[in-house]
Structures are given as structure tokens and as C-alpha cells.
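The values are calculated or read from the model by the stated rules, or taken from the named source; none is laboratory data. All of these numbers come straight from a predicted model, not from anything done at the bench. Backbone-built Cβ (ideal geometry, glycine too); neighbour counts: all protein chains shown. Just the protein is used for accessible areas: all its heavy atoms, side chains included, with ligands, DNA and RNA removed. Shrake-Rupley method; radii C 1.70, N 1.55, O 1.52, S 1.80 Å.
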Amino acid sequence: MKNSPFLAPVPFYWCDKCHSPVMGKLCSCGEKTRPVSVTPPGDVRPAFDRDRNLVNRLFEEQFGVPLIPEGFLAILNKVPDEDRMEEIIIGGAVVCAIRYIPAESRWEVLPREAAASLVVPTKRFIKVTDDAAGYIKEGSSVLMPGVTFVSPDIAVGDSVFVIAESGECVAVGRAKMSYQETVGATRGQLVRTRRTQKPVVDASPSTWNDAISANKNILDLYERKSIEFILDVIAKNPDIQPTVSYSGGKDSLVTLLITLKAGLRLPLIFADTGLEFPETIENVHQVSEMFGLPLIEESGDSGFWEAFETQGPPAVDFRWCCKACKLTPVKTLIENEWGEAISFIGQRKFESAKRMQSPRVWRNRNVPCQLSAAPIQHWTAMHDWLYLFREKAPYNPLYELGLDRIGCFMCPSSDIACMKDIEARYPEMWADWEKKLKAWGDANGRSPEWASKGLWRIRETNEEDGDIDGHF
């Protein structure tokens, strides 16, 4: 990707011997790994059952067969797009992407040629002569003279597979003609092909336990380095109370586990925004009880609604919410409890361009009493998950329901695809939110669609607090 703000290399590889993802160039089995080319930032993560079912349903709807075979690991990579787009990695290769189109309220599958190494499409495919296939593999579009079969379900704009008579998939692309238009036609461009990489696909089953074993040396190294960082921060600030900022998310859970491995038993601090998922509240208390650690909470609920009345809803480009219902409550909590505190926070540089540029130890100008430190700054989401799987840690069940990050249920930074799922799963919470949105919109001259179509998420303003980071 050109001009990517994510400058760090993506540490994502595959071991063909262990049939597993490896977060480094050498597998724990001793074999050298091969790099997997994914779109930056490359914060890859496991596909849970809900994700696998979604991909298989979409692929079957478009191409007649499910994509992910039983017993195979599937990995997701969220990439920049208008709304939500995920690359699907199987066998050490990107085999397709799925993209949500908000204007049409639907998902679209964008296949790669590598998918044909796993499945044979029964819908939306075109067959060409082997002679024509040679030109197509060199970059030519699919022209009618070389076509021997057109699937009758193809419409203009559909993604299609191009298959040679030999059975080889020679290209993927978009149909420029419908099936009906091809009947009797002897000329014309049928498919505009899309150039994609043709990587090796490791078509062998494996498990997450295999992946944990393959990454043992890497996980041990990352754990050790993070422990050293934690102990160093504490040694350099001996008079400041250390704590763990626990949000109920995977990153803060890994951070907590690392502090325990360092021999520390630190209090947990939690800012309840009043907009949390019920599963998050339950996880916070479950983790506190499981590890026998004191939990110190502060509510940001009143601060959010007071600011909402005067400033309207938060937006992607106007995130006053983080200061109102996270940072300010944490400031109050720390000042009341200790006066000053170190907070070990689950910040990772692969989460965003801003966090890529963030120092590893810092003070937020809105919470000067808090010295923040990020032990897992250099971890990817896959490091997180392999570590949590290995430690059999009690992670938030929301991740298995399709959420890739945990926060306020109506966070404006969420994509429309995610919000649609949340609305369906928590109809009462969402209806109450839309009611408040509509009331504010009506009082401030917004259109009827402003609340219902998610237009409130974009403010296009330069207010001072619009760049406040959500970590605390």
C-alpha cells in the first residue's frame, strides 16, 4: 500500500511443516518460515466460529461452495476501506477479501486466485480455452473468442473466477457482460481481470494448539521482554503506585497476565463509561475475582451525558467522549486513591497510525497524574491471541461474536457493519441510543436520516478535543 502510515514491518509468516502462522522468520520446530503478504498494518487475528460462518456463507452465496475447510485455521486481517474490509488468510495465503457496502447493506466477496487451491466454484465462473488462458495469465482481459462456458448466474459487475480447460484458475475479475449478453456473442470483453499474487497455499489442516507450539520461542521472547520493560519502569519510578488499566479487552488482559508473570499483584483500574457492553462489565469483575486483585472503579456516565447535551454525539473526527467518560474519571480515581500512579496499558503500535507513533511511556495532558506505560507496544493481535490461548485466559466473549475490539457499544469509530450487528444483538440498548440521537438531531436541525443512517458519526470539525486518544 502506497504512502502507508504504518512503517513497521509486518511480522507475519507461515511454517509449511507445522501448517501454522508464525510471528517470526524461524518456527519453534527449527524450520525457516515464508512471509505472508498482507495489507498493512497487518494486525492479523484468528477467525472465530462466527467469522468462519460469515465467510463461508458469503462465499457459498456467491460461488456455490463454502471457502474454509473443516480443520483448517483461518486468519483475518482488517484493512483500510470505506467501511469494513477483511482479508481472509488460509494456508499462509490471502485467498479472498470480504467488504461491507453500507449504501447497499450487504457484503461482497473479492476472491483471489489462491482460493481455487482450496475449493472449486460452482457459481459465477467462466471457462476459457488453454490457449486463451495463456494470454490471460500474462495480463489480458477475458475476450469472448476464447470463452467456452459462462455460468448462467453471472451479472454485470459480479466477481468471477476464470478457469482454463485444464482446470487451472488463471484469473479473477469483474464481469463486464451478463450471461444473457454473452448468448450468441462472438466479440466483446467479458471479464476485466484483477492482478493478484499467486502465493503457495498450504492445503493441510492444523489447530491453534499447533500454532501455539510453532510460536513458543517467539511468545517466550515477547513475554520476557515485556516483563523486563515493566520491571524497568517500576524501578525508574519507585515512589509511584503501579496499576493495570483494565478495560475488559484482550490487550489489557495480556498486559495484566504479563504483570502477574513479573511477580506483581497490582490493583486494576476501570473507567466504566456507562456505555459498556454487559459482557465487558462481567469480564472485568470475573478477572478481578479470578486473580484476586483489587478492582477500583470510577464512572464516566454522567460526564458523557452532560457533554452530549451541549456538544452533541461524539464523532470519528470529534471524540470528546474519551476525555469525558474515560480520561476525566481516571484522573479523579488516581488523585483520590494515590495522588499519582503508573498505569500499565494495553496499547499496541499496530492498532492505528497514531499509536504507531506513540512513545512507550508517556503522560496524557488530560491526566497528568498518570504515567502510562505500554508493555505490549510491539505485539500484534496474533501475538495477543496465541498468548491468551496458551495461558487459557478468560477473554471477553464479545470477540467470538464478531467484534475485533471492545469499547463503548456505540463508539463512532466503529464501522457500519459492526454497528448493524450490535443493533441486532442489543436492540434495546441501540433503540435507546437512537432515540437520544434523534431528539438531539431534531432540536438542532438535523435531517431525519442523520440518526438512522449513521451520519452523526462524522462531524467534520477541528474542535480541540477531537484528537484525544481513547487509551487511559
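When segment 366-387 is examined, which residues are found to be closer than 16 Å to residue 215 by Cα and either touching a strand residue (DSSP E or B) at 6+ places or on another chain (Cβ under 9 Å) or of a type in the set (Ser, Thr, Tyr) (or both)? Spell out how you get there, then give the answer.
First, pick out the residues of segment 366-387 that are closer than 16 Å to residue 215 by Cα: 378-387.
Within segment 366-387, 380, 381, 382, 384, 385, 386, 387 qualify.
Scan segment 1-18 for residues that are at pLDDT 95 or above and under 20 Å from the mean Cα position of the chain (by Cα) and the total you get is 3. If you filter segment 175-199 down to residues that are among the β-branched types (Val, Ile, Thr) and exposed (fewer than 14 other Cβ atoms within 10 Å of the Cβ), you find that the one that is farthest from residue 44 (Cα to Cα) is 186. Going through (1) under 27 Å from residue 232 (Cα atoms); (2) open to solvent by less than 10 Å² (accessible area, probe 1.4 Å) one by one, residue 325 falls short only on (1).
Among residues of segment 135-162 being farther than 16 Å from residue 62 by Cα and assigned to a strand (DSSP E or B), the one that is most open to solvent (accessible area, probe 1.4 Å) is 143. Across segment 163-179, the number of residues qualifying as out of contact with any helix residue (DSSP H, G or I) (no Cβ under 6 Å at 6 or more places or on another chain) and not in a strand (DSSP E or B) comes to 6. Of all residues in segment 120-134, those satisfying the criterion of being of a type in the set (A, V, I, L, M) and free of Cβ contacts under 8 Å to residues at least 60 places away in the same chain are 120, 128, 132, 133.
Table: residues versus (1) of a type outside the set (A, V, I, L, M); (2) at pLDDT below 95.
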site	(1), (2)
20	yes, no
23	no, no
27	yes, no
30	yes, no
36	no, no
42	yes, yes
67	no, no
86	yes, no
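Within the option set 206, 213, being touching a strand residue (DSSP E or B) at 6+ places or on another chain (Cβ under 9 Å), under 26 Å from residue 36 (Cβ atoms), open to solvent by 40 Å² or more (accessible area, probe 1.4 Å) and touching a residue at least 40 places away in the same chain (Cβ under 8 Å) holds for one residue only, 213. For segment 98-132, a residue qualifies if it is among the basic types (Lys, Arg) and part of a strand (DSSP E or B), and the qualifying residues are 99, 106, 127.
Okay, residues lined up against (1) more than 23 Å from residue 204 (Cβ to Cβ); (2) open to solvent by 30 Å² or more (accessible area, probe 1.4 Å); (3) polar (S, T, N, Q):
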residue	(1), (2), (3)
22	no, no, no
33	no, no, yes
45	no, no, no
53	no, yes, yes
59	no, no, no
66	no, yes, no
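Return the residues of segment 103-150 that are in contact with a strand residue (DSSP E or B) (Cβ under 7 Å, 6 or more places away or on another chain), of a type in the set (A, V, I, L, M) and closer than 30 Å to residue 205 by Cα; say none if nothing qualifies. 109, 110, 114, 115, 116, 118, 126 - these are the residues of segment 103-150 that are in contact with a strand residue (DSSP E or B) (Cβ under 7 Å, 6 or more places away or on another chain), of a type in the set (A, V, I, L, M) and closer than 30 Å to residue 205 by Cα. Among the conditions (1) over 26 Å from residue 341 (Cα atoms); (2) in contact (Cβ under 8 Å) with a residue 12 or more places away in the chain; (3) not aliphatic (A, V, I, L, M), the only one that residue 364 does not satisfy is (1). All of 442, 404 fail the test of being outside any helix (DSSP H, G or I) and either under 18 Å from the mean Cα position of the chain (by Cα) or surrounded by fewer than 16 Cβ atoms within 10 Å (Cβ to Cβ) (or both), apart from 404.
Quick one: is residue 28 surrounded by fewer than 21 Cβ atoms within 10 Å (Cβ to Cβ) and either more than 15 Å from the chain's Cα centre (by Cα) or among the basic types (Lys, Arg) (or both)? It is true that residue 28 is surrounded by fewer than 21 Cβ atoms within 10 Å (Cβ to Cβ) and either more than 15 Å from the chain's Cα centre (by Cα) or among the basic types (Lys, Arg) (or both).
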